[in-house]
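J.: Have a look at this one.
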Amino acid sequence: GASDVHLEPENSFVRVRVRVDGVLRQKHALHTSHWPQLSHRLKIMAGMNIADTRNMQDGRFHMQMGSADIDFRMAVMPTVQGENIVIRILDHRRALLPLEALGFSAANLKQLELILERPEGIVLVTGPTGSGKTTTLYAMLKKLSKVDVNIMTLEEPVEYRFEMIRQTAVQEQQGWGFAEGVRGILRQAPDIIFIGEVRDDDTARMALRAAMTGHQVFTTLHCNDSFGALPRLNDFGLSSRTMSGNIIGVVAQRLVRKLCPKCKRIRSATPDEMEILGRVKKAHIPVSGFAEAQVDIDAPITIAEAVGCDACDHTGYKGRCAVTEVLRVTPEMDELIASDAPRTTLSKQAKREGFLSMADDGIAKVIRLETSLDELRRNVDMTRIV
């Protein structure tokens, strides 16, 4: 279940760590005398130059593991202790998940489906590195992929390959990045464009231009929550008036570890925990379809905590799910965006239209005993309620 393998040389040994559910764990320690042969073998498998030990290198290789096709992306970084190697494990079975399997609540999934019905505009997925943004976007693209739809992507690098989706890796070293790639894609008559990341002014302007000319544009942005996407785009030179009508939705998310079903301990929340839970006025818990049941936060709450057993490698957690918020930009929100309304005004309007913050979504998962309050606080800011 690891997503990465870290091979880290020290003075007298090589530390081997794996990342499982977003957390690094040390698994082995190899004698330093094995490192030259091991690193050379890995570099040959990844198509790298074994004689070059002073520069960063990237490569990839493929292996058949039982019935699964697994891709490995490898990065080498020279350090004072020697070459540090990180191998990313790309398992298509875990990445190509439907939207319904990612942990979206019924209310957020309904909002997202309404966004995807729009024929043109920009959809942003925000969050820090490793929060599952690309997996969510891939799920959206697979939902929209049809034989009569031309979907084209710009990625750095292309991690997973799909049928019927034209994927291109940007070539920064060759002098063209995301902005130049979008210009080229627009000449390919696309219906839907996926831009790996908006990271500069030119890419932001090209994404907006594509949306204004009738395309659906999907991309990622680094910011803390859905409302933070708007000032972030302002920093890239996009005016509020041009964003109004073209930004159709923003998804913000974090990944939280799920409690191990075999060993989690169920108990009543302490007064301190009740105070934290009480900062969210009400938690919305899907019960059937898109119906919502409101939970009385003032009443005693049963929660669960991690224990640890053989099934979860004594961590208390097994697997991850997304804690999300989906901001659907309605005509009323468009007017507020165009008038540079403050964040508080935008959030009040969003709440009236059914917006649930990540804190709301996380509290619902805690009350449903899917994750622990400690894990939620580790990943989501519970001190500020949007």
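J.: Using only C-alpha positions, report the orientation-averaged shadow area of the convex hull of the stretch 180-220, nm², one decimal.
T.: If you wrap the Cα atoms of the stretch 180-220 in a convex hull and average its projections, you get 2.5 nm².
J.: For His215, list long-range residues whose amide hydrogen, built 1.01 Å from N in the peptide plane, is under 5 Å from its own amide hydrogen.
T.: Correct list: Gly121.
J.: Report the Cα centroid-to-centroid distance between the stretch 4-50 and the stretch 318-386 in angstrom, as an integer.
T.: 39 Å
J.: Divide by every residue of the chain the summed helix terms, -39500 (n - 2.57) for each DSSP H run of at least 4, and state the resulting mean residue ellipticity at 222 nm, rounded to the nearest 500 deg cm²/dmol.
T.: So the helix-based figure for the chain works out to -8000 deg cm²/dmol.
J.: Could I ask something else about it? Rolling a 1.4 angstrom probe over the protein heavy atoms, how many square angstrom per residue are accessible across the stretch 12-124?
T.: With all protein chains present, the stretch 12-124 gives 54 Å² per residue.
J.: While we're on this one: For the chain, compute the orientation-averaged projected area of the C-alpha convex hull (one quarter of its surface), in nm².
T.: Taking a quarter of the hull surface, the average projection is 21.6 nm².
J.: Okay, moving on. Starting from the Cα of Glu117, step 7 Å along the direction of its Cβ; do the same at Asn234; then give the gap between the two resulting points in nm.
T.: Label at Glu117, label at Asn234, 3.1 nm between them.
J.: Taking Cβ-Cβ under 4.7 Å as the only way to count a partner, pick out the unpartnered cysteines of the chain.
T.: Cys223, Cys321
J.: Just list whichever of Lys142/Lys351; Lys318/Lys365; Lys142/Lys262; Lys264/Lys365 have alpha carbons separated by over 26 Å in the model shown.
T.: Correct reply: Lys142/Lys351; Lys142/Lys262.
J.: Taking every alpha carbon pair in the stretch 312-386, what does the distance histogram look like in 10 angstrom bins from 0, in percent?
T.: Result, from short to long distances: 17, 40, 25, 13, 4, 0 percent.
J.: Carbon and sulfur atoms: what percent of the 1.4 Å accessible area of the chain do they account for?
T.: Taking all protein chains in place, the chain shows 50 percent carbon and sulfur surface.
J.: With an 8 Å Cα cut-off and a minimum separation of 6 or more residues, compute the relative contact order for the chain in percent. Working shown, then result.
T.: Details: 737 pairs, mean separation 55.9, N = 386.
After rounding, I find 14 percent.
J.: If the reach is capped at under 17 angstrom between alpha carbons, list the aspartates and glutamates near Lys27, excluding any in the same chain fewer than eight residues apart.
T.: The reachable aspartates and glutamates, counting only those whose Cα sits under 17 Å from Lys27, are Asp4, Glu8, Glu10, Asp310, Asp313.
J.: Moving to a separate point now. Would you mind putting 376-383, 121-128 in packing order, based on average other-beta-carbon counts within 10 Å, highest first?
T.: Output ranking for 376-383, 121-128: 121-128, 376-383.
The values are calculated or read from the model by the stated rules, or taken from the named source; none is laboratory data. Here the structure is a predicted model, which means the values were calculated and not measured. Every residue, glycine among them, receives a Cβ derived from its backbone with ideal geometry; neighbour counts consider all protein chains shown. To get the accessible areas, we keep the full protein, side chains included, count just its heavy atoms, and leave off ligands, DNA and RNA. Shrake-Rupley method; radii C 1.70, N 1.55, O 1.52, S 1.80 Å.
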